[in-house]
Amino acid sequence: MSSSKEIEDVSDLSRKLLQAQEEERRRITRELHDDTGQALMVLRFQLEMVLGEAENNEQKTKIQESLALLDRTIEALRRIIARLSPRVLEELGLITGIQKLAQLLTRHTGMKSRLSLPAESASLDHDLQVAIYRAVQEALHNVAKHSRASTFTVRLAVSRDKAVLEIEDDGVGFTPRTAADRGFGLKGMQERATAFGGSLKVRSHPGKGARVRLVFNLEEQGNHTPAGKSLRRASAA
Ligand SMILES: Nc1ncnc2c1ncn2[C@@H]1O[C@H](COP(=O)(O)OP(=O)(O)OP(=O)(O)O)[C@@H](O)[C@H]1O
Ligand SMILES: [Mg+2]
């Protein structure tokens, strides 16, 4: 059996990997934004100039089609960048970040949302906030992609020793046992929860909606930053 020291080492390692992954995502976001995004904007500008010089309708139509495709590509790139980078977390915090994710889904699908969130999340460790944000993002992505639900719910409850996140929908549901091999979403959520000494439970039946529940352990891992722990950290630094 694994000792608690071994378990601690493994979740420490997973957290470091998640941190490295977030750092890598920030780098990719920067490159996509500064290089690819800029290049597409220059291309757009040049195409517009060429459009002004078009000699006949046939040429005009082709350039307009290219411009339309380019606009869709720029829009798609914006969405990729927004998904990659949780900048909203740094700027607006976890709670607003979750509200924004829910709004986005509501706007794109017409689904109704119900949110039950704490007033603020400042006491949670930053890495844990990223993990929770990513889990909500992934779970709502699944709701959008698979559920055909009319309503979804996001609940986050933070107590002294744990944070419990639930995302539920009233859609078509699935059989969790056979679903895990289909993609990376549920696996990723499981890894995030484990990295914070927690767990993932999926409850769903075909035709009966779906609920994912992640529990993050706040006590042992320094996932909380109330006065005591930040003092300890500060003095260890
Ligand atoms: N809310 C949901 N409603 C209905 N089915 C779902 C829901 N969430 C997940 N599933 C089912 O579980 C499967 C596995 O989900 P998972 O997120 O791991 O992978 P994916 O969404 O298929 O691919 P990826 O997340 O890698 O893009 C899905 O293919 C889908 O069949
Ligand atoms: Mg998925």
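A short reminder: the numbers here are calculations on the coordinates, not readings from a lab. Treat the numbers as computed from the prediction; the structure is a model and nothing was measured. Ideal geometry is used to build each Cβ from the backbone, glycine not excepted, and the neighbour counts take in all protein chains shown.
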Response to the item:
Here, ALA82 and THR106, labelled 7 Å along Cα→Cβ, have an inter-label distance in nm of 1.5 nm
Worksheet item: Amide H to amide H, which residues 5 or more places from LYS162 or on other chains are under 5 Å from it, using H placed in the peptide plane?
Response: LEU218
Worksheet item: Using 1/(1 + (r/R0)^6) with R0 = 22 angstrom and r between the beta carbons of LYS62 and LEU40, what's the FRET efficiency to the nearest 0.05?
Response: 0.75
Practice prompt. Please sort by residue number the GluC sites (Glu not before Pro) in the stretch 171-224 whose DSSP state is loop and whose Cβ has at most 14 other Cβ atoms within 10 Å.
Written response: GLU219, GLU220
Worksheet item: If each of ARG203 and ARG27 carries a label point 7 Å out from its Cα toward its Cβ, how far apart are those two points in nm?
Response: 4.2 nm
Fill in: Loop sites in the stretch 46-124: GluC sites (Glu not before Pro), DSSP, at most 16 other Cβ within 10 Å
GLU53, GLU55, GLU120
Discussion item. Let me spell out the model: positive unit charges on the Cβ of Lys and Arg, negative unit charges on the Cβ of Asp and Glu, origin at the Cα centre of the chain. What dipole size does that give, in debye rounded to 20?
Written reply: 920 debye
Worksheet entry | the chain - mean residue ellipticity at 222 nm from DSSP helices (-39,500 (n - 2.57) per run, n ≥ 4, rounded to 500) | -18500 deg cm²/dmol
Worksheet item: For SER4 and ALA157, what does the FRET efficiency come to when R0 = 30 Å and r is the distance between their Cβ atoms, rounded to the nearest 0.05?
Response: 0.70
Worksheet item: What is the spread of the Cα atoms of the chain along each of their three principal axes, largest first, in whole Å?
Response: 75, 50, 36
Fill in: In sequence order, calculated HN-Hα J values of the stretch 188-199 (Karplus, 6.51, -1.76, 1.60; Hz; x Gly/Pro)
x, 5, 4, 4, 4, 4, 4, 4, 10, x, x, 8
Item to complete: If a/c stays under 1.5 just call it rounded; otherwise compare a/b with b/c (prolate if a/b is bigger, oblate if not). Do that for the stretch 4-84, with a ≥ b ≥ c from the square roots of the Cα gyration tensor eigenvalues.
Response: prolate
Practice prompt. Kindly write out, for the stretch 135-150 in residue order, the coupling ³J(HN,Hα) from the Karplus curve 6.51 cos²θ - 1.76 cosθ + 1.60 (θ = phi - 60°), rounded to whole Hz, with x marking Gly and Pro.
Written response: 5, 4, 4, 5, 5, 6, 4, 5, 4, 5, 7, 10, 7, 6, 7, 9
Fill in: lysines with Cα under 26 Å of LYS5, excluding same-chain neighbours fewer than 8 positions away
LYS16, LYS162, LYS187, LYS201, LYS229
Worksheet entry | Cα-projected label distance for LYS187 with GLU48, points at 7 Å along beta-carbon direction, nm | 4.4 nm
Fill in: Cα gyration tensor category, rounded, prolate or oblate, for the stretch 70-137 with a/c compared to 1.5
oblate
